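The values are calculated or read from the model by the stated rules, or taken from the named source; none is laboratory data. These numbers come from a predicted model, not from an experiment. Cβ atoms come from the backbone with ideal geometry, glycine included; neighbour counts cover every protein chain shown.
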Amino acid sequence: MKKTFNTNPNKDIKILKSLFLLIFIIFLNILFIYSYSNAAEIIKHEVKLEDKQIYFEAVGVLTPKTITTLSSKVMGTITGFTKREGEDVSSSETLITIDDAEINADMAALEAGLAEIASNKIELEKNLALAETGKSAAAAQLDLASSTYQRIKTLYQSKTIAVQEYEKAEAAYKMASSKMSEAKAQIEVIISKRAQIDAKEKQLMANIQKMKRMKQYTVVSSPIDGRITARQTEVGMLASPGMPLVTVEDYKNMLFSAVVPEQIINKIKIKDQVKVIVDVIEDQVFVGEVSEIAPTGDVMTHTFTVKIALAYDARLKSGMYARGLFEKETVKKISVPTDFIVKRGQIFMVYTSENEFKYVRPGTSYGNLTEILSGLNPGDVIIKK
C-alpha cells in the first residue's frame, strides 16, 4: 500500500517569508546597537582661545599647622603609654604616666611637717595668752609701785620719813619695772617665734603646692587634637626634665609651605586663593588660602616663605612634596581636556575624526586641562574615541 503526503506550497512560502523577515529585523537591531554604541563612544570638543591665568610655580612641602613635642618636667620611670604612632588623640587626653612614688613620699613628709607646725602654733598661742596675762599683772604692780614710790619720795624730800622707807619703796618700784620689762621681752620672744613658725609654714605650703604641680607633671596629656607621629621613649625608661617623650601633629589643619622669589612676593596677599598640586595624588588640584607671609626673606637665595592653609583631606600627609600655583598674569591660550591627547612614544596627537589626527605640542597641565602650545587653532573640533 503506497503512502501519500499532502503539500501546500503557499504555506511553505509564507513560513520562509516570516523567517527571512525575522532575521532581517534582528540584523537591523544589531546594526542599530552597534552604530549607537560607536556614536556614543565619540565625544567632541571645540577648540577655543580662552583667557588663562599664567601661574608661577613654587615648590614646597606639607606641614601641620601645629606640631608639639611633649617633654618630661620631672624625673621618674615611665609606667604607662596609652597610644602608639599613627593613633589619633584628643586634647587633654592622657598619653604617658610617670612613677610618682617619690613625689608622694615627699608630699607626705611635708604634710607631716605642716601638721607639726599647726600643733606648735596652738601651744605658742597658749604661751602668748599667758604672757599677756603676766604682762597685765606686771603693769598693775608697776602702777602701784610707781605711785607708792612717788608718794614716799615726796615725803622723803620733806624729811618726813626715814631713808629706809624711801629705799624700800624705790627697790619695790625697780622690781616692778624689771618684771614689766621681762613680761614685754617674753611676749616679744613668743611673737618672734610665731613669725618664724609662720614663715616656715608658708614655705612648707609653697613646697606642697610645688609637689602637687610635680605630681600633675607625672601625667602627660595632649595639648591638641591630633595624631601621634613619633614616640621617643618606651615604658620602663627613665624620664628626666626636658627629655622628649612624644610628638603630636594637628593633621587636620595642613599647611603648604612654599618658597617664593622676591620678584612676586609683593603680588601675594593674605587670603589669596592658591592652587596646590600634590604629585602623589593624581587628578586632584587643591585650593588653599594664604595664611602667612614671612616678613623677611633669605639673604642668600632672595626667597620668602609663604604658608597656604588647606582644607582637611585624609590623603594629605605631613612631609609630602607639593607645588603651588600663584597667579602671575592673564593671557589668551588654547587648552583641551587632557584625556583627548593621545601619546605615541614621544609624539602627541589629537583626533579630528575617526581616521584623521593632528600632531600637537602640549604645555603645562592643570587638573584635567592641558595647554596646547602648537598644532591646534580656535574653531578646530577634536574627538575622543
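Some observations on this one:
- Residues located in the stretch 320-372, provided they are among the β-branched types (V, I, T) and either assigned to a strand (DSSP E or B) or closer than 29 Å to K269 by Cα (or both): T330, V331, I334, V336, V342, I347, V350, T364, T370, I372
- Single residue of K179, K202, K210 found to be charged (D, E, K, R), surrounded by 13 or more Cβ atoms within 10 Å (Cβ to Cβ) and within 24 Å of L128 (Cα to Cα): K179
- Residue in the stretch 117-130 that is under 16 Å from S178 (Cα atoms), part of a helix (DSSP H, G or I), assigned by TED's automatic domain parsing to the domain that holds A199 and modelled with pLDDT of 90 or more present: no
- Among (1) hydrophobic (A, V, I, L, M, F, W, C); (2) in contact with a Lys or Arg (Cβ under 8 Å, 6 or more places away or on another chain); (3) under 30 Å from S221 (Cα atoms) - the single one A183 does not satisfy: (3)
- For the condition farther than 30 Å from Q216 by Cβ and part of a strand (DSSP E or B), K44 qualifies.
- Count of the stretch 96-108 residues, restricted to those that are surrounded by 14 or more Cβ atoms within 10 Å (Cβ to Cβ) and over 33 Å from the mean Cα position of the chain (by Cα), is 2.
- Among (1) surrounded by 14 or more Cβ atoms within 10 Å (Cβ to Cβ); (2) of a type outside the set (D, E, K, R); (3) within 26 Å of E50 (Cβ to Cβ) - the single one F304 does not satisfy: (3)
- Residue in the stretch 311-333 that is within 18 Å of K65 (Cα to Cα), out of contact with any helix residue (DSSP H, G or I) (no Cβ under 6 Å at 6 or more places or on another chain), β-branched (V, I, T) and not assigned by TED's automatic domain parsing to the domain that holds T77 present: no
- Condition met for Y359 (touching a Gly at 6+ places or on another chain (Cβ under 7 Å), assigned by TED's automatic domain parsing to the domain that holds A58, at pLDDT below 95 and hydroxyl-bearing (S, T, Y)): yes
- Flag if V276 is under 30 Å from K48 (Cβ atoms) and more than 24 Å from the chain's Cα centre (by Cα): no
- Applying a threshold of 6 Å to beta carbon distances and a minimum spacing of six or more residues, or different chains, the list of pairs starting in the stretch 95-106 at a residue that is under 20 Å from T82 (Cβ atoms) and modelled with pLDDT of 90 or more and ending at one that is charged (D, E, K, R) and part of a loop (DSSP other than H, G, I, E, B) reads L95/K83.
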